[in-house]
Each structure stands twice: as C-alpha cells, then as structure tokens.
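The block underneath contains the structure these notes are about, expressed in structure tokens.
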Amino acid sequence: MSENDLDGVWKALSDSTRRSILDLLREGPRTTTEIVEAFPHLTRFGVMKHIDVLREAGLIQTREERRQRINSLNVRPIRQIYERWVGRFEEIWSSQLLRIKEDAEAHTARTEAKKRPHQG
C-alpha cells in the first residue's frame, strides 16, 4: 500500500462511528444487519455508508454467505500505519524513556547519599 493509499485509511479512521464499527469487528465478523443494530441512533443507510468507506479503505472485508453479507476486520492497513508512523518513533520514545529513568535513578541515589550520615 502506497503513502497515497494510506490517505483513505486515515480518512476512514478519522470518524468516531467508523472506529466504533472497527472495534465491533475486532470482536469477530458480523453481518451488516448486526452492525446496523449496534448503532440504533443511525439509519441503516448511514451505517452502510460508513461500512462502504471502511471497505474502500481496505479496513473491512466483506463476503456474501447465503443471503447475508459478512464483514470482518482487515488489520493490514492499520498495521501499515503503525509501521510507517508509530514504529519509526518507537526507538526515539524508548531511548527518551530510558534516559528519564536513568536521570530519576541518579537523582534518587544523590538524594539518598545526602541523607546518609558520613562515616569517617
């Protein structure tokens, strides 16, 4: 998936209802009717438009089984975003956290050393 292909994924993830649909599908595949029923405050048409956006972004895979559409989560686009945007910064964050830990430990050691009576 190219950088431009990820734009559609970002757009799809920008909506809280679509993220909620993905959360629902993280629990397992659902029929379109089950997804619609999980969002009673929205019309069937509204939920189906959200599903279409998620499908176009590659975040949902849909298969037809008998007379039903079964929707499942496709984590690959999310994984690609993670690798592109989070993974690259993980090393920086880890080294900064390690430095903070070392600074805190050094500060604690200095404070403890000042509290101890000098022997001599």
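Based on this model, can you work out whether Lys49 counts as surrounded by fewer than 15 Cβ atoms within 10 Å (Cβ to Cβ), among the basic types (Lys, Arg) and over 24 Å from the mean Cα position of the chain (by Cα)?
It is false that Lys49 is surrounded by fewer than 15 Cβ atoms within 10 Å (Cβ to Cβ), among the basic types (Lys, Arg) and over 24 Å from the mean Cα position of the chain (by Cα).
May I ask you to verify whether Gly28 is part of a loop (DSSP other than H, G, I, E, B) and closer than 23 Å to Tyr82 by Cα?
Details: part of a loop (DSSP other than H, G, I, E, B): yes; closer than 23 Å to Tyr82 by Cα: yes.
For Gly28, the condition - part of a loop (DSSP other than H, G, I, E, B) and closer than 23 Å to Tyr82 by Cα - is met.
Can you pull out the residues in region 58-77 that are over 11 Å from Leu22 (Cα atoms) and not in a strand (DSSP E or B)?
Gly58, Arg66, Arg67, Arg76, Pro77
FYI, it's all coordinate maths here, none of it is from the lab. Everything numeric in this text was worked out from a predicted model, so none of it was measured. Positions of Cβ are backbone-derived with ideal geometry, glycine not excepted, and every protein chain shown enters the neighbour counts.
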